[in-house]
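The values are calculated or read from the model by the stated rules, or taken from the named source; none is laboratory data. For clarity, every value in this text was computed on a predicted model and none was experimentally measured. Protein only, heavy atoms only, side chains kept; ligands, DNA and RNA dropped before computing areas. Shrake-Rupley method; radii C 1.70, N 1.55, O 1.52, S 1.80 Å.
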Amino acid sequence: MTCVTHVYRTSGRYDVIVKITVDTEAALHRTVSADISTITNVNSALTMIIAGAGNEKVPCCV
């Protein structure tokens, strides 16, 4: 997944935090539903959108 920019291993409620950067919210939805959610042993994903200003790409942590 070329849109993945950072991966952080955590302890507690979440196992990992993955930061991805995409051009549109539609691309974000496709990435989470088609790529991340289909990984073996991924039981759920929580999406938090951090909206930029202007023509910036849309960063997101999953």
**In Å², nearest 10: area of Asp23 left accessible to a 1.4 Å probe** = 110 Å²
**Item:** Sequence of Ile50, Ile17 from largest to smallest accessible area, 1.4 Å probe
**Value:** Ile50, Ile17
